[in-house]
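Report on the following structure.
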Amino acid sequence: MGIQGMELCAMAVVVLLFIAVLKQFGILEPMSMEDSSDSELELSAVRHQPEGLDQLQAQTKFTKKELQSLYRGFKNECPTGLVDEDTFKLIYSQFFPQGDATTYAHFLFNAFDADGNGSIRFEDFVVGLSILLRGTVHEKLKWAFNLYDINKDGYITKEEMLAIMKSIYDMMGRHTYPVLREDAPREHVERFFQKMDRNHDGVVTMDEFLETCQKDENIMSSMQLFENVI
């Protein structure tokens, strides 16, 4: 797998696997005609009640009907209105029994936990999902950068990118074909930095990341694959 394959894997796996999890657990359920009659989100006795429907619609690119459908699925799987990291890890472990999804789920959880309080609210969920499915290319790339920038200091280091790549390989397990060499993640990271680190200072900035990705046709194409998922 070359540099383009590595980049596409690291970006697309975020969306593909996350959507697969959501569909499996009923959070992305088909919308029915009954949705149109509801004017507000149904608020039950939960630990966290989401913001109003109009406010969420303004913050995302989902319609009211889509938000209602998403909320019903979210509430069914998360009755408290919150998802903690342990639950997130448990969901991913069920999808990848041959591998270890713990670290990948941790990184993805942190990307959705916008305020860093240790739980994902419905608002966090739909804002992140809106970016991944309906956002501009620029917005999707900024979201991906935030995922790779583990300590949120505005730079992607080799150590951070290596941690992300290792977490993906760990999650897939040792049953991939062809079998990946143990040094494959590090080689991919080196190629990534050869392409992304324009000034060769050992880190990748947001500007470097955006500029390089926007010039890559394969990456640009991958950013458009998920717009009609729901």
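The values are calculated or read from the model by the stated rules, or taken from the named source; none is laboratory data. The structure presented is a predicted model; accordingly, all values stated were derived computationally and were not measured. Here the Cβ is made from the backbone with ideal geometry for all residues, glycine too, and neighbour counts use every protein chain on show. Remember, those area values only see protein heavy atoms, side chains included, never the ligands or the DNA or RNA. Shrake-Rupley method; radii C 1.70, N 1.55, O 1.52, S 1.80 Å.
Measure out, as a whole number of angstrom, how far apart the alpha-carbon centroids of segment 78-122 and segment 136-165 sit.
If you average the Cα positions of each part, the centres end up 18 Å apart.
Multiplying the sequence separation of Leu162 and Ala114 by 0.36 nm and subtracting their Cα-Cα distance, what value in nm do you get?
Details: separation 48, 0.36 × 48 = 17.28 nm, distance 2.27 nm.
So the extension gain works out to 15.0 nm.
By per-residue mean of other Cβ atoms within 10 Å, what is the highest-first order of 206-213, 152-159, 121-128? Walk me through the numbers on the way to the answer.
On the way: 206-213: 17.0, 152-159: 14.8, 121-128: 20.8.
Per-residue mean Cβ counts within 10 Å order the peptides as 121-128, 206-213, 152-159.
Accessible area of segment 77-202 with a 1.4 Å probe: how many percent of it is carbon plus sulfur?
Details: 3190 of 6160 Å².
C and S atoms contribute 52 percent here.
Given a Förster distance of 35 angstrom, what is the FRET efficiency for Asp201 paired with Asp54, based on the Cβ-Cβ distance and rounded to 0.05? Display every interim value, and only then the final one.
On the way: r = 45 Å, r/R0 = 1.29.
Computed FRET efficiency for Asp201 and Asp54 comes out at 0.20.
Would you mind checking the pairs Lys152/Lys195; Lys61/Lys158; Lys89/Lys152; Lys65/Lys215 and listing those with alpha carbons more than 27 angstrom apart? If you can, show how the numbers build up before the last one.
Values: Lys152/Lys195 21 Å; Lys61/Lys158 34 Å; Lys89/Lys152 21 Å; Lys65/Lys215 36 Å.
The pairs that break the limit, which is 27 Å between Cα atoms, are Lys61/Lys158; Lys65/Lys215.
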